[in-house]
Structure formats: structure tokens, C-alpha cells
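A short write-up of the structure that comes next.
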Amino acid sequence: PALQAAAPARAITTSSNRHRGGKLHWDDLQLERGHGGIAAYNQSKLAVNLLVREAARRHAGSGVSFQAVHPGAIATEIYRDLPWIVRKLIPVFTRTAAGGAAPLVHVATLPELPPSGTYWNRLRPETASAAARDDAAAARLWDLVKGLAGL
């Protein structure tokens with residue numbers, strides 16, 4: 001309601017290109033039976049894109065635009081469990097936290113409200129994976145998440 005009252009407004013969620021390798025495990029959505037860190041990360045980013053898509057659909061015409069932004073690889077604690085030698089090389093291949101924030105700030109401050117449900121690869125809109133554009137999966141996931149959240 002606060003975003004609708006402030007319309008035009010936008011809600012921006014951090015995503016990742018790793019969503020392209022994601023697969024929703026409907027029978028074990030929280031991966032309690034173990035699927036490994038990369039599988040969990042990929043699934044979570046696919047879920048982010050689906051939820052942004054469903055939020056855009058459910059709030060169409062509200063004046064609130066929902067965006068998913070892949071900021072690029074960022075030097076964060078996500079790499080903490082890698083071998084020490086790999087952790088030492090991470091800064092060479094990743095952006096700083098400030099550099100990672102730049103694409104989100106860019107989308108947040110665009111003069112025109114972007115189309116709701118847009119997936120961004122850093123500073124440019126890009127077509128998300130086919131799995132992230134599955135409207136039936138987006139609606140199903142939305143309902144499951146609401147239930148898990150007790151809403």
C-alpha cells in the first residue's frame with residue numbers, strides 16, 4: 001500500500017544470471033534433502049525472477065513497477081567457503097560492493113518507470129530464461145511462498 005500511495009514507484013530485487021541454471025524442486029522447495037550450494041543459489045535466483053514477474057502481474061496498473069537486477073559478480077561473503085587460494089583471486093574477477101550497487105541504483109533512478117517485470121543484466125534490460133518467464137510456475141510459487149510465510 002505504501003508503494004501504491006507513492007506511485008509511480010518501483011520495487012527492485014537483486015537477482016543473478018545464475019537463474020539460468022536454476023530449477024525449482026517443487027517436491028523439496030526449501031532443498032531440505034540437499035542439493036548443494038550452487039543448486040540452491042540458482043534456484044533462489046530463479047525464484048526471485050518468478051516472484052518479480054508474478055508481482056508485476058498481480059500489481060499491474062497500480063503504478064508500482066517490479067524489477068529484477070543482476071549486478072554482476074560481487075566480492076561478498078558468498079565465496080567464504082571456497083578454498084583460500086580461490087578466495088584470494090575473487091577480487092580480481094568481481095566487482096566491489098559499491099560497484100555491485102551501481103546497477104540497482106541505476107534502475108532505481110531511471111527517469112522513466114521501466115516496464116514492470118523487467119529483468120536487468122547490470123545496466124540493460126535482458127530477456128530472462130524461459131523458466132523465469134513461466135507464468136504458471138510464477139503463480140504457483142507465489143502461492144507456495146505465501147503459505148510458507150503464513151500469509
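The values are calculated or read from the model by the stated rules, or taken from the named source; none is laboratory data. In this text the structure is predicted, and so the values were computed from the model without any measurement. Please note: Cβ atoms are built from the backbone with ideal geometry, for glycine as well, and neighbour counts cover all protein chains shown. Remember, those area values only see protein heavy atoms, side chains included, never the ligands or the DNA or RNA. Shrake-Rupley method; radii C 1.70, N 1.55, O 1.52, S 1.80 Å.
Does ILE78 meet the test of being surrounded by fewer than 18 Cβ atoms within 10 Å (Cβ to Cβ) and without any contact (Cβ under 8 Å) to a residue 40 or more places away in the chain?
yes
Taking the condition in a loop (DSSP other than H, G, I, E, B) and either hydroxyl-bearing (Ser, Thr, Tyr) or modelled with pLDDT of 95 or more (or both), does ALA128 pass? Please lay out each step first, then the result.
Numbers: in a loop (DSSP other than H, G, I, E, B): yes; either hydroxyl-bearing (Ser, Thr, Tyr) or modelled with pLDDT of 95 or more (or both): yes.
When the stated conditions are applied, ALA128 passes them.
Go through the range 111-124 and give me each residue that's out of contact with any Pro (no Cβ under 6 Å at 6 or more places or on another chain) and exposed (fewer than 14 other Cβ atoms within 10 Å of the Cβ).
Taking the range 111-124 as the starting set, the residues that turn out to be out of contact with any Pro (no Cβ under 6 Å at 6 or more places or on another chain) are 111-112, 114-117, 119-121, 124.
Of everything in the range 111-124, those that are out of contact with any Pro (no Cβ under 6 Å at 6 or more places or on another chain) and exposed (fewer than 14 other Cβ atoms within 10 Å of the Cβ) turn out to be PRO111, GLU112, PRO115, ARG124.
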(message) Quick check on this structure: which one of ALA136, ALA97 is modelled with pLDDT of 95 or more, surrounded by fewer than 16 Cβ atoms within 10 Å (Cβ to Cβ) and hydrophobic (A, V, I, L, M, F, W, C)?
(response) ALA136
(request) State which residue pairs qualify: first residue within 22 Å of ALA55 (Cα to Cα) and in contact (Cβ under 8 Å) with a residue 60 or more places away in the chain and inside the range 92-118, second residue open to solvent by 40 Å² or more (accessible area, probe 1.4 Å) and among the aliphatic types (A, V, I, L, M) in any location, beta carbons under 7 Å apart, and separation of 6 or more residues or different chains. (result) LEU104/ILE12; VAL107/ILE12; ALA108/ILE12; SER116/ALA60
(message) Just the residues that are at pLDDT 90 or above and either more than 18 Å from ILE12 (Cβ to Cβ) or in a helix (DSSP H, G or I) (or both), please, taken from the range 61-94.
(response) GLY61
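Can you spot a residue in the range 29-46 that is assigned to a helix (DSSP H, G or I), charged (D, E, K, R) and open to solvent by less than 70 Å² (accessible area, probe 1.4 Å)? Walk me through how you get there before you give the answer.
Of all residues in the range 29-46, those assigned to a helix (DSSP H, G or I) come to 37-46.
In the following step, the residues that additionally are charged (D, E, K, R) were identified as 45.
Within this subset, residues satisfying the condition of being open to solvent by less than 70 Å² (accessible area, probe 1.4 Å) are 45.
Yes, some residue in the range 29-46 is assigned to a helix (DSSP H, G or I), charged (D, E, K, R) and open to solvent by less than 70 Å² (accessible area, probe 1.4 Å).
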